[in-house]
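Okay, so here's the structure we're looking at.
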Amino acid sequence: MPARNTLTLGTDRALYVGEIPATGWHCHASPVLLMGLSGRFAVHWGAGRVETCHSALVDAGVEHLFDPCGETVALVYLEPDSREARGLRGLFQQEGGVVLDVAVSVGARSAMEGYLNHFDLPALLRCPLDNEVAPLDPRVARSLHVLRHPQAGRVARGDLASGVQLSASRFNHLFRAEMGVSLRSYRVWSQVRLAMAGLALSPRLTDAALHGEFSDSAHFSRMFRQTFGMTPSSVLKPLKTVTLLA
């Protein structure tokens with residue numbers, strides 16, 4: 001598959017296809033499926049562990065370094081509240097947060113593109129997803145809607161908690177228990193996603209930063225690098241298309 005450098009953003013998932021530079025150490029609030037579409041890549045994590053593989057699942061909150069080794073890659077990010085991400089929690093617990101060579105072989109280009117574009121995880125993964133997933137707590141679901149659709153700037157943690165009739169500490173505990181990540185780390189992730197969605201309206205990174213409710217482009221750059229281990233210009237400027245799914 002030739003590099004196309006495309007980004008597709010849905011409500012609870014995202015797909016990047018193309019070429020990216022090797023990242024620095026980073027972790028984000030979303031599990032990710034890394035796939036080498038043209039060859040093997042390297043993943044570093046833990047206490048000096050490094051492996052080369054054709055695919056890897058990395059859980060939210062796992063610090064890692066991703067080196068595409070010059071290959072074309074597909075990165076599938078799943079929001080931690082999505083059914084697929086929640087269905088992977090047992091596997092991540094068993095495997096320590098990183099699962100190697102978990103995807104089917106690339107095979108026919110058209111078939112793989114179809115699986116990726118439709119976020120068809122059962123077709124992409126060798127392992128079955130757990131279908132016995134408890135529904136998300138409605139109080140957390142309500143707070144996610146507020147975080148993902150800010151109406152008038154950044155929403156304070158206390159306001160999120162009071163909006164669901166909980167104390168701030170109790171809300172933090174509930175959020176982590178339901179999502180598997182802290183409210184603080186998810187807030188940054190949510191803002192970065194909003195900023196990237198802004199690229200569908202304007203290709204300027206400054207405009208994207210404002211769309212993500214960051215104070216300025218420097219703040220956006222710091223948080224993007226913390227989240228993905230890369231500068232936003234190195235991965236977002238080469239994008240050919242940004243697609244928002246309803």
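If you check L201, L205, L236 for being touching a Pro at 6+ places or on another chain (Cβ under 6 Å) and farther than 22 Å from P80 by Cα, only one passes: L205. Kindly evaluate R40 against the criterion of being surrounded by fewer than 22 Cβ atoms within 10 Å (Cβ to Cβ), of a type outside the set (V, I, T) and more than 30 Å from R176 (Cα to Cα). Considered against the rule, which asks whether it is surrounded by fewer than 22 Cβ atoms within 10 Å (Cβ to Cβ), of a type outside the set (V, I, T) and more than 30 Å from R176 (Cα to Cα), R40 comes out as yes. The set of residues from the stretch 141-177 being modelled with pLDDT of 95 or more and crowded, with 20+ Cβ neighbours inside 10 Å comprises F171, F175.
Quick check: is even one residue across the stretch 86-101 out of contact with any strand residue (DSSP E or B) (no Cβ under 9 Å at 6 or more places or on another chain), farther than 27 Å from R222 by Cβ and in contact (Cβ under 8 Å) with a residue 60 or more places away in the chain? Checked against the condition, which is being out of contact with any strand residue (DSSP E or B) (no Cβ under 9 Å at 6 or more places or on another chain), farther than 27 Å from R222 by Cβ and in contact (Cβ under 8 Å) with a residue 60 or more places away in the chain, the stretch 86-101 yields at least one hit.
One residue stands out in the stretch 204-227 among those that are in contact (Cβ under 8 Å) with a residue 60 or more places away in the chain and touching a Gly at 6+ places or on another chain (Cβ under 9 Å): the one that is nearest to P150 (Cα to Cα), namely E213. Scoring V17 on the criteria (1) part of a strand (DSSP E or B); (2) surrounded by fewer than 14 Cβ atoms within 10 Å (Cβ to Cβ) leaves a single failure, condition (2). Scanning the stretch 83-102 for residues that are at positive phi and under 16 Å from the mean Cα position of the chain (by Cα) yields a total of 1. The set of residues from the stretch 188-221 being surrounded by fewer than 15 Cβ atoms within 10 Å (Cβ to Cβ), of a type in the set (G, A, S) and not in a helix (DSSP H, G or I) comprises S202, S215. When residues in the stretch 145-187 are screened for being outside any helix (DSSP H, G or I), of a type in the set (S, T, Y) and under 23 Å from F214 (Cα atoms), 1 of them pass.
Of the candidates S82, S143, S38, S110, the single residue that is farther than 17 Å from R13 by Cβ, among the hydroxyl-bearing types (S, T, Y) and out of contact with any Gly (no Cβ under 9 Å at 6 or more places or on another chain) is S110.
The values are calculated or read from the model by the stated rules, or taken from the named source; none is laboratory data. Every value quoted in this text rests on a predicted model; they were computed, and no experiment measured them. Note that we place each Cβ from the backbone using ideal geometry, even for glycine, and neighbour counts take in every protein chain shown.
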